[in-house]
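So the structure is just underneath, and the comments pick up after that.
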Amino acid sequence: MKIIAMILAGGKGERLYPLTRDRAKPAVPFGAIYRIIDFSLSNCVNSGIRRIYVLTQYKSLSLNRHIQLGWNILPNKLGEFINVISAQQRIDEHWYRGTADAVFQNIYTLEQERPDLVLILAGDHVYKMDYRKLIQFHLEKKADLTIPVIEMEKGSSKEFGVVEADADCRIIGFTEKPVKPKTVLGKPESILASMGIYVFNTQPMVRRLIEDAKTDSQHDFGMNIVPSMIRSDRVFAFPFEEGSRGKPYWKDVGTIDAYFAANMDLLAPEPAFDLFDRGWPIYTHEESHPPVKIILSDKEVGKSDGIALNSIISGGCEIRGGRVENSLLSPAVRVEMDAKVNNSILLNEVKVSRGAQIRHAIIDKGVEISEGMKIGFNLKEDAKKFTVTESGFVVIPRWIRT
Amino acid sequence: MAKILVVDDEEHIRLLYKQELTEEGYEVTLATNGKECLEIIDAENPDLIILDIRMPVMDGIETLGRIINKRKDIPVILNTAYSSYKDDFMTWAAEAYVVKSYDLSELKIKIQEIISRKKGSP
C-alpha cells in the first residue's frame with residue numbers, strides 16, 4: 001500500500017500577528033524549541049509515513065530553512081523523503097485559492113507518485129496521532145474518505161466543520177461553521193468537529209478535485225469537497241481518541257490567546273500533551289547550545305539568586321540572578337540580575353536586562369528588553385509600542401528595539 | 001449555430017475536421033497548438049474545444065489545465081491517437097476522451113451530446 005502525505009503549510013495565520021509577520025503559521029515557534037509543523041511531521045515519521053510533501057506559499061523562507069536544517073532525516077534512496085513544494089503556478093498563475101486548490105495545483109506530483117492513499121494534513125495543528133490507526137480504520141470501513149473528528153462543546157461550532165455521523169461512523173452531514181449545529185447522538189451538548197485532516201483514496205479524490213476546479217467554489221476541502229463526497233462516496237468519521245497517542249489533545253492555535261494557552265498547557269505537571277513521551281519523539285531543528293546555567297549574580301554588585309520555577313528552559317539559557325516563573329524560554333535566552341519574568345513566552349536569544357520585569361508577554365526572537373523596563377504592567381502604555389491582545393497579552397515582534 | 005474550436009498540429013486533421021463538422025452544421029475555427037488556442041479562446045468564445053494531446057509549443061494536457069482556470073464554462077473533448085493518456089489524472093478534467101479515427105462518428109456523437117447538454121443547462 002503506497003501512502004503519501006501532503007502537509008498544507010500555506011496558511012497566513014493572520015490572527016497570530018505579529019508572530020506571523022515574517023513567517024508562515026506552521027513556522028511559528030511552539031513549546032520553547034519546536035515549530036508548529038514539527039508535530040504533524042513527527043506524527044508522520046512516527047507512524048511510518050515517510051513520503052511527505054509540504055506545500056508552502058506565503059512567507060515560506062523560515063519554514064523552508066527549518067525543514068532543510070531540521071528534517072533532512074529520511075533516506076531518499078529508500079524512497080523516503082520530505083519535499084517542500086512552493087506554489088509553482090504549474091497549472092495556473094495565482095496563489096492557492098483554497099485547500100483543495102493547493103492539492104489540485106499539485107496534481108502532477110500525485111501523478112508521478114501514484115499512491116493508493118493520500119493523507120492531507122494541516123501544518124498548523126498541535127496534536128499527536130498515530131496515522132496507522134486512522135488508515136486501518138479507513139481500510140476496514142472501505143471508505144473513500146475518512147475524517148478524524150473530535151468531540152467539542154456545542155458552543156464552539158462556529159469555529160469548526162461539524163460532522164453528523166450515524167452509528168457506524170458514516171458521515172451523513174457536514175456543515176462548515178454552523179450557528180445551529182447537529183449534536184452528537186445522545187449528547188445534546190456536544191458536537192463532532194472535523195480536525196481538518198483527511199485520508200483519501202487517490203482516484204476519487206482526484207476526480208472530486210477536478211470537478212471542483214471546474215466550478216466557482218471556494219476550492220476548500222471542508223466547504224466543497226467533503227459535502228459533495230458525502231452525497232456520492234463513502235465518507236467516514238474517525239474518532240480522534242482511537243488514534244491519539246497519549247491523552248487526546250488537539251489544538252489549532254489560531255489566535256494569540258490560543259497560542260499562549262497551548263504553550264502554558266505544557267507547564268502542567270502531567271500535561272495532556274506530553275513532550276517527554278520517548279515512544280513518540282517530536283523532532284525539530286536545534287542548534288548546539290551549552291547547557292542551561294542558573295547562577296547567583298555577581299556578589300560585588302549585589303546578591304540575587306538566579307531561579308526558575310514551574311518553567312520550561314531550553315539549552316543555552318542563562319539565568320544570572322533573575323527570576324523566571326510559569327514561563328517558556330527558547331534557546332539562548334538571558335535573564336539578568338533582579339529581572340523578573342512571569343507567565344511569559346520568550347523566544348530565542350531574548351535578553352532581559354537587569355531589573356526589567358515582564359509578565360503576560362510573548363517576546364519574539366532576539367529582542368532585548370532594556371534595564372528596568374516593565375512589560376505587561378501598564379497595558380495602555382504597552383499598546384503604544386507593541387501589540388496588546390484583547391485578553392491582555394503583550395506581543396513584542398522581532399527586531400524591535402525597546 | 002454552435003462554434004467548435006479544433007486544436008491540432010496536423011494540417012490534414014484540421015482540414016478534415018473543419019470540412020466534416022461544417023457539414024454537420026457547426027461553425028469551425030482552428031488553432032495549431034495549445035498556446036494558440038489560449039490566445040484566441042476569449043475572442044473566439046467557442047462552445048466546445050476539440051483538443052489534441054501531442055502538439056509542439058504547448059501540449060493538450062497542459063492546455064486543458066489552463067483552460068479550466070481561464071474558461072471553466074467551455075467543455076473540452078480530448079482527441080488523440082493514443083489511448084494511453086487516459087490514465088493521466090489531468091485528462092479526467094475533459095468532458096470526453098475520444099481516440100482518433102478517420103471515421104468521425106464517435107466524435108460527432110460526443111459533440112452533439114455535450115452541446116445539447118450545454119444548451120439544456122441554464
Do you know which of the residues in segment B:36-60 that are touching a residue at least 24 places away in the same chain (Cβ under 8 Å) and part of a helix (DSSP H, G or I) is surrounded by the fewest Cβ atoms within 10 Å (Cβ to Cβ)? B:Asp42
Any hit, segment A:194-202, residues being without any contact (Cβ under 8 Å) to a residue 60 or more places away in the chain, in contact with a strand residue (DSSP E or B) (Cβ under 6 Å, 6 or more places away or on another chain) and more than 11 Å from chain B (Cβ to nearest Cβ): yes
Taking the criterion of being closer than 29 Å to A:Pro271 by Cβ and either of a type in the set (A, V, I, L, M) or out of contact with any strand residue (DSSP E or B) (no Cβ under 9 Å at 6 or more places or on another chain) (or both), would at least one residue in segment A:159-171 satisfy it? yes
Quick check on segment A:160-168. Is at least one of its residues small (Gly, Ala, Ser), within 14 Å of chain B (Cβ to nearest Cβ), in contact (Cβ under 8 Å) with a residue 12 or more places away in the chain and in contact with a helix residue (DSSP H, G or I) (Cβ under 7 Å, 6 or more places away or on another chain)? no
Restricting attention to segment A:172-192, does a residue exist that is hydrophobic (A, V, I, L, M, F, W, C), within 11 Å of chain B (Cβ to nearest Cβ) and within 23 Å of A:Lys141 (Cα to Cα)? no
Does B:Glu95 qualify as being within 14 Å of chain A (Cβ to nearest Cβ), among the acidic types (Asp, Glu) and in contact with a strand residue (DSSP E or B) (Cβ under 7 Å, 6 or more places away or on another chain)? yes
Checked against (1) more than 15 Å from B:Leu5 (Cα to Cα); (2) of a type in the set (Phe, Trp, Tyr); (3) surrounded by 13 or more Cβ atoms within 10 Å (Cβ to Cβ), B:Tyr26 satisfies every condition except (1)
Checking A:Leu69 against (1) surrounded by fewer than 17 Cβ atoms within 10 Å (Cβ to Cβ); (2) in contact with an Asp or Glu (Cβ under 8 Å, 6 or more places away or on another chain), the condition it does not meet: (2)
For segment A:261-278, state whether one or more residues are under 22 Å from the mean Cα position of the chain (by Cα), buried (at least 18 other Cβ atoms within 10 Å of the Cβ), more than 24 Å from B:Met90 (Cβ to Cβ) and at pLDDT below 95. no
Need pairs with beta-carbon distance below 9 Å; first residue farther than 30 Å from B:Tyr85 by Cβ and within segment A:106-129, second among the basic types (Lys, Arg); sequence gap 6+ or separate chains. A:Gly123/A:Lys25; A:Asp124/A:Lys25; A:His125/A:Lys251; A:Val126/A:Lys251; A:Tyr127/A:Arg245; A:Tyr127/A:Lys251; A:Lys128/A:Arg245; A:Met129/A:Arg245
In this structure, does B:Ile114 turn out to be under 21 Å from A:Gln105 (Cα atoms), surrounded by fewer than 20 Cβ atoms within 10 Å (Cβ to Cβ) and either in contact with a His (Cβ under 7 Å, 6 or more places away or on another chain) or of a type in the set (Val, Ile, Thr) (or both)? no
Conditions (1) at pLDDT below 90; (2) touching a helix residue (DSSP H, G or I) at 6+ places or on another chain (Cβ under 8 Å); (3) away from chain A (no Cβ under 14 Å) -> B:Asp8 fails only (1)
Just one of the numbered conditions (1) outside any loop (DSSP other than H, G, I, E, B); (2) more than 26 Å from A:Glu111 (Cβ to Cβ) is not true of B:Leu78; which one? (2)
Pairs please, first residue from segment A:208-223 and at the interface with chain B (Cβ under 9 Å from one of its Cβ atoms), second anywhere and assigned to a helix (DSSP H, G or I) and surrounded by fewer than 20 Cβ atoms within 10 Å (Cβ to Cβ), Cβ atoms under 6 Å, 6+ apart in sequence or on different chains. A:Ile210/B:Trp92
Residues (among the hydroxyl-bearing types (Ser, Thr, Tyr), surrounded by fewer than 24 Cβ atoms within 10 Å (Cβ to Cβ) and in a helix (DSSP H, G or I)) located in segment A:10-66: A:Ser42, A:Ser62
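Per-residue answers, yes or no, for (1) at positive phi; (2) modelled with pLDDT of 95 or more:
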position: A:His219; (1), (2): yes, no
position: A:Met229; (1), (2): no, yes
position: A:Ser232; (1), (2): no, no
position: A:Pro239; (1), (2): no, yes
position: A:Thr255; (1), (2): no, no
Given the options A:Glu286, A:Glu336, name the one that is surrounded by fewer than 19 Cβ atoms within 10 Å (Cβ to Cβ) and either under 18 Å from A:Lys128 (Cα atoms) or among the charged types (D, E, K, R) (or both). A:Glu286
From the options A:Ile120, A:Ile73, A:Ile82, residue that is more than 14 Å from every other protein chain (Cβ to nearest Cβ), in contact with a strand residue (DSSP E or B) (Cβ under 6 Å, 6 or more places away or on another chain), β-branched (Val, Ile, Thr) and farther than 19 Å from A:Asp220 by Cα: A:Ile82
In segment B:59-78, which residue that is basic (Lys, Arg) and facing another protein chain (nearest Cβ under 9 Å) is farthest from A:Ile210 (Cα to Cα)? B:Lys70
Please pick out the residue among A:Ala143, A:Ala100 that is within 14 Å of chain B (Cβ to nearest Cβ) and either assigned to a loop (DSSP other than H, G, I, E, B) or among the hydrophobic types (A, V, I, L, M, F, W, C) (or both). A:Ala100
Subset of segment A:130-150 (residues that are under 22 Å from the mean Cα position of the chain (by Cα) and not hydroxyl-bearing (Ser, Thr, Tyr)): A:Asp130, A:Arg132, A:Lys133, A:Leu134, A:Ile135, A:Ile147, A:Pro148, A:Val149, A:Ile150
Just checking: which of the strands (runs of 3 or more DSSP E) contained wholly in segment A:258-366 hold 1 or more residues that are without any contact (Cβ under 8 Å) to a residue 24 or more places away in the chain and not basic (Lys, Arg)? A:307-309, A:323-325, A:340-342, A:357-359
Is it true that some residue in segment B:83-90 is more than 11 Å from chain A (Cβ to nearest Cβ), closer than 24 Å to A:Leu110 by Cβ and part of a strand (DSSP E or B)? no
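The values are calculated or read from the model by the stated rules, or taken from the named source; none is laboratory data. Everything numeric in this text was worked out from a predicted model, so none of it was measured. Heads up, the Cβs are rebuilt from the backbone with ideal geometry, glycines too, and the neighbour counts pull from every protein chain shown.
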